[in-house]
Amino acid sequence: MGSQSQSHQPGRILTFDRWDFIATRVLIAAITLGSLAITVIWPMTSWLRGEPLRWVVAVDAAVSLPAELTTNPDAAAQWNGEALVTLTEAPASTWLATLLPGVITTITVALVAVQLLGLLHDIQSREPFAAASVRRLRVIALILLIAPMVTVTADALAGAAVRSAAFVDAPFAFFISANGILVAVGAGLMVAAVAEAFARGAELRADVDGLV
């Protein structure tokens, strides 16, 4: 019995038991709630408490801080290729613009979490190769392909709103950073490939059931 137990031990390292599924669900929930707290609740609390709005905005890094971008009396800026802006009296519209990227991030995380929880249920029920699992994986892939572009667009709009509030006669500028987009797109394509593998597994299962 001892030797048989030891022979199964390596396999146990890479398998999920009931507690692993529970721990994974807890982790997914913690990530979702943490995203909400950090990207939405924390900055909203700062707004409601009347704290200054701090935001890093992109300016032309090839030149010094332009003289015509004079700060308003209630604003301060540090220049290092980007402008670390502090607004002591930020308008509500500016606060809302800076909250938008966090809201989108939280919604994205929540949507992925819902699909992952459903997928975990399918796997734990020993029904992974089903149409529902394939659909969930494809929804996750689609979210990973679309959400980063929406998020960076919202972040660019937030930067434009902060520049308008911080600088006198600041021209409208729209800076989009591609950092992380390629990684997210790659992850989305990988999940889509896994979804295709699940779809083919479902087809094979249907064929076997038909033979039986």
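The values are calculated or read from the model by the stated rules, or taken from the named source; none is laboratory data. Note that the coordinates shown come from a computational prediction; the quantities given were computed from them, not determined experimentally. Here Cβ is always computed from backbone atoms with ideal geometry, including for glycine, and neighbour counts include all displayed protein chains. Areas reflect the complete protein model, heavy atoms only, side chains present, ligands, DNA and RNA absent. Shrake-Rupley method; radii C 1.70, N 1.55, O 1.52, S 1.80 Å.
Count, please, the residues in region 128-147 that happen to be open to solvent by 30 Å² or more (accessible area, probe 1.4 Å), over 17 Å from residue 201 (Cβ atoms) and of a type outside the set (Val, Ile, Thr).
The number of residues fulfilling the criteria is 3.
Condition check ((1) within 30 Å of residue 114 (Cβ to Cβ); (2) modelled with pLDDT of 75 or more; (3) surrounded by 13 or more Cβ atoms within 10 Å (Cβ to Cβ)) across all residues:
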position	(1), (2), (3)
30	yes, yes, no
36	yes, yes, yes
52	no, yes, yes
67	no, no, no
82	no, no, yes
85	no, yes, yes
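Can you name every residue in region 89-117 that is β-branched (Val, Ile, Thr) and open to solvent by less than 70 Å² (accessible area, probe 1.4 Å)? Give the steps one after another, and end with the answer.
Quick first cut of region 89-117, residues β-branched (Val, Ile, Thr) only: 94, 98, 103-109, 112, 114.
Hits for region 89-117 are 94, 98, 103, 104, 105, 106, 108, 109, 112.
If a residue must be free of Cβ contacts under 8 Å to residues at least 12 places away in the same chain and within 30 Å of residue 52 (Cβ to Cβ), how many such residues does region 89-141 contain?
Selection size over region 89-141: 3.
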